[in-house]
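Notes for the one structure printed next.
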Amino acid sequence: MKAVVMAGGEGSRLRPLTCQVPKPMVPVMNRPLVEYTAELLTRHGISDVAVTLQYLPEQIREHFGDGSGFNMRMRYYVEDDPLGTAGSVKNAASFLDETFVVISGDALTDMDLTHALEFHRKRGAMATLVLTTVNNPLEYGLVITDGEGRITRFVEKPGWGEVFSDTVNTGIYVLEPEVLEYVESGQMVDFSKDVFPRLLEEGAALYGCVLPGYWCDVGNIEQYTQAHRDVLAGRVNVSLKARESEKGIWMEEGVEVHPRASIYAPSYLGEGTYVGPGAEVKEAVLGSYNWLENLSSVKRGVTWEGVCLERKSNVRGAVLCNRSRMAPRTAAYEGSVVGDGSLLEEGAVVKPEVKVWPEKRVESGTILNENLIWGTHGMRSLFGLEGVKGEGNRELTPEIASKIGAAYAAVLKEGPVLLSGDGSSMCRMLAGALSSGLVSTGRNVYRLEESVVPVTRRLLLKLGCRGGIHLRQYGDSPPMVHFKFLDQKGMNISRGEERKIEQYFFRGDFYRSYLHELGEEMELPPLYSQYRLDLLQRLKQQELQRAGFRIVLGYPTSLLQKVMLPLLKQLGCRVITLHSGGAAGGEEILSFKSLRSRRREVALAVRQHSAHMGVIMDPDGEQLLLIDERGRIVEEDTYTALLSLLIFRARRGETVAVPVNATGAIEELAQKYQGSVLRTKTAPRFRMEEMYCEEEDNDEGKENNLRPKVSPFSLNFDGIAALVYLLEFLAVEETRLSYLLSDIPEIRTRQKEIPCPWGKKGIIMRRLIEDTPPEKAEMVDGLKVHHREGWALVLPDAERPSYHVYGEGLNEEISASLTDFYVKKIHRLQKET
């Protein structure tokens, strides 16, 4: 039997562990990780092995030689450039003339490969993927199978709205040689992204075999240390090089423990290690030839070969690499790493999650709060549902902002960047830090101190920028800050780009420019007038001026007033502005959610002033809340339907893009106006992608049926433009907002939020999907189930441990019943799991 061991991994997320060794050679329990893969293969009768190499290949070759020392026959295939998982296996095609196993050399597992082979042969499969279940599927490729194990769908590294199962791809495959016919030689080709989706599309015999047993990707520092704890706890069936001197304590040859030293189970001590008087080892793994002087201690830590801990030095959950040394009274804490050959001088402290790269020196008495190279932070992720958010100058500090700027520049690679803000002192400071990070990597930066998002989007296109970031502060206690990232088209960046920024941010080793390569920063004056001129050129100004609209504007920021009031005045509108005072008479900065809570105050003002409508504008300038002339509030579902109605009325037969949780009333409108509806994921980026193409194809300055063409993108993501387009429509049609709203069918959507632990989200979605007949299920985002009298949607929250459940039926009673049914079902499944 033959196998391919993929051992070319660089292990960038494990840095600095992998700065000087390839990921498969990183030690686990004082043995290279890839040895456990070799051991697993021989345990299942597989001894003829091809090893694919790319990063530091000689280390693996020198360790294994021809494989005879490990009861194997090994041959090596080296990639000059990375070829992807399938491309690397294709390199060994001449060797693979029978059914073979593909397995990673940098994961730890004890799965039953014999069972997987039997499953593969019994099904007559061309390819079998070994699957396992995990609590948090976000970082893995989801694989969905039917009752016979045949694969029906792949979801590569999903968001919570795409978590339809908790079964993930382990990277272990049983393949027939014909699979390699789908791989072009010498090209970057990936099994999960390229080959398997193509096999699925062509209807090939593609199966998933869910196996019990242990599997750990060992993809980051946390997983690396957890793998050691799992072995110590007996959760993994692997052999150790040591004898068990007493229950839970393993020692290799030549270990010396002073009588006054303390060793607590479970612990592992490598060959030739010395533990001195008063020293303590507890729930730790020590490499070979370690030296622990008196009163030093290692608890929950991992050390590699040749590590020295001098008097009263302490390791608490840290990793110390080869030949690292801790002088007296030093400490390294949870999640931190001290790289090969590095020295902590007396009294130095490495704080949790901090990384010290190889061959560095931390001076005496230093308390290291950030990575020795460029700084670090303990965040698990940067991006939420839409951008980066955090408390200003606490969670989002200038140091963090500078690093975010450098990470963003690393992803963009070239071209200028536009930075804009709301004019607040907090955003000015953080924008300066972002600019420093960008300039330090060679990017040119345009700075616009005061702007709203729609103005920034348009300016970014005019300047030809590669990307942009808009900053806004909201709230006072504490002040929160939001970074919104834009791509070169002015759209929110994609999830893929967010992940790349996060990877660079957490790795912390991005490029810094030489003096002659540094970028430049250019300040821009306020550009509201140009934005207003662009809008005015597309409007029927005379009709608007004749209409003489009276508008109540609820609690706009001073910045929004600078943009909106001159525009509305030029259109002949009379504006009644409601203000809210902040602390010490200053401006109160509110989120759109907080502003919405004041909608009844605005409705009252509309009636008092006999206004044509009331408006609450999102401080970013992207969203609207409307109140009609009767004081009736236009809620979110109705507003989405209103925007769709404006598009249908302007252009019959049009297609509108709306999120999957929007009301079904939009389909009724589409039928009435010979249009169609495209359902997208709920994140704004997905609607933007559909609408941007439409906007690019349209010339908004041209007239259609005596009415300017309406831009779907502007209607949905430019609140100022949406307002003036709506006013123009009412003026031209000589109608009122309430009459326009009466054209929208009754909306009966209900929504509830249910708490759910992160670790249960995947399994609950899988159970819900398994209980749903395929013909009733729709999985655009979350799980939407179509019933005879309506629909329900279960959507995992991307930022909180919870689900959102939506329901809409033929009447309000059915809507409530559908919503409650799935709320109760989720509660029941949580108890069962």
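The values are calculated or read from the model by the stated rules, or taken from the named source; none is laboratory data. Predicted model, so just to flag it, every value in this text is computed and none were measured. Don't worry about glycine lacking a Cβ; one is built from the backbone with ideal geometry, like all the others, and counts go over all protein chains shown. Quick note on the areas: whole protein, heavy atoms, side chains included, nothing else; ligands and nucleic acids left out. Shrake-Rupley method; radii C 1.70, N 1.55, O 1.52, S 1.80 Å.
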- Is it the case that Y224 is in contact (Cβ under 8 Å) with a residue 24 or more places away in the chain and assigned to a strand (DSSP E or B)? no
- Message: For segment 7-21, give me each residue that is under 26 Å from the mean Cα position of the chain (by Cα) and either under 23 Å from V102 (Cβ atoms) or hydrophobic (A, V, I, L, M, F, W, C) (or both).
- Response: G8, G9, E10, G11, S12, R13, L14, L17, T18, C19
- Pairs, first more than 25 Å from R428 (Cα to Cα) in segment 483-506, second in a helix (DSSP H, G or I), C-beta under 6 Å, six or more apart: S494/R685; K500/V411
- For T638, state whether it is part of a helix (DSSP H, G or I) and either at pLDDT below 95 or out of contact with any Asp or Glu (no Cβ under 7 Å at 6 or more places or on another chain) (or both). yes
- Query: Taking H612 and the conditions (1) open to solvent by 40 Å² or more (accessible area, probe 1.4 Å); (2) over 26 Å from T663 (Cβ atoms); (3) touching a residue at least 24 places away in the same chain (Cβ under 8 Å), which numbered condition does it fall short on, given that it satisfies the others?
  - Reply: (2)
- Note on the structure: Taking segment 35-65 and the residues there that are open to solvent by 30 Å² or more (accessible area, probe 1.4 Å) and acidic (D, E), the one that is farthest from the chain's Cα centre (by Cα) would be E62
- Query: If you check Y224 against the conditions, is it aromatic (F, W, Y), modelled with pLDDT of 95 or more, buried (at least 17 other Cβ atoms within 10 Å of the Cβ) and in contact with a helix residue (DSSP H, G or I) (Cβ under 9 Å, 6 or more places away or on another chain)?
  - Reply: yes
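State the number of residues belonging to segment 73-118 that are assigned to a loop (DSSP other than H, G, I, E, B) and of a type in the set (D, E, K, R).
8
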- Item | When residues of segment 781-833 are limited to those that are closer than 23 Å to G664 by Cα, among the β-branched types (V, I, T) and touching a Phe, Trp or Tyr at 6+ places or on another chain (Cβ under 9 Å), the one surrounded by the fewest Cβ atoms within 10 Å (Cβ to Cβ) | V823
- Query: For segment 12-71, what are the residues that are of a type in the set (S, T, N, Q), assigned to a helix (DSSP H, G or I) and either touching a Gly at 6+ places or on another chain (Cβ under 6 Å) or farther than 30 Å from V255 by Cβ (or both)?
  - Reply: S12, T37
- Of the residues in segment 525-560, those that are part of a helix (DSSP H, G or I) and within 17 Å of D718 (Cβ to Cβ) number 11
- Do you know which residues across segment 549-563 are more than 21 Å from Q608 (Cβ to Cβ) and either buried (at least 24 other Cβ atoms within 10 Å of the Cβ) or of a type in the set (V, I, T) (or both)? T557, V563
- Residues being open to solvent by 10 Å² or more (accessible area, probe 1.4 Å) and assigned to a loop (DSSP other than H, G, I, E, B): count how many of those fall in segment 432-455. 5
- Considering each residue of segment 475-491, count those that are open to solvent by 60 Å² or more (accessible area, probe 1.4 Å) and in contact with a helix residue (DSSP H, G or I) (Cβ under 7 Å, 6 or more places away or on another chain), and give that number. 2
- Could you give me the residue pairs with C-beta distances under 6 Å whose first residue belongs to segment 233-251 and is at negative phi, whose second residue is aromatic (F, W, Y) wherever it lies, and which are 6+ apart or on separate chains? R235/Y214; V236/Y214; V238/Y36; L240/W250; A242/W250; E244/W250; W250/Y268
- Selection over segment 128-180 where residues are of a type in the set (A, V, I, L, M), assigned to a strand (DSSP E or B) and at pLDDT below 90 yields a count of 5
- Message: Step by step: first the residues of segment 509-543, then only those that are of a type in the set (S, T, Y) and touching a helix residue (DSSP H, G or I) at 6+ places or on another chain (Cβ under 9 Å), then the one that is least open to solvent (accessible area, probe 1.4 Å). Which residue is that?
- Response: Y531
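The rows are residues; the columns are (1) of a type in the set (D, E, K, R); (2) surrounded by fewer than 19 Cβ atoms within 10 Å (Cβ to Cβ); (3) farther than 25 Å from L372 by Cα.
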| position | (1), (2), (3) |
| --- | --- |
| V388 | no, no, no |
| I404 | no, no, no |
| K413 | yes, yes, no |
| V417 | no, no, yes |
| S425 | no, yes, yes |
| L430 | no, no, no |
| R457 | yes, no, yes |
| C465 | no, no, yes |
| I493 | no, no, yes |
- Query: Restricting the search to segment 619-658, which residues are more than 27 Å from E808 (Cα to Cα) and touching a strand residue (DSSP E or B) at 6+ places or on another chain (Cβ under 7 Å)?
  - Reply: P619, D620, E629, A650, R651
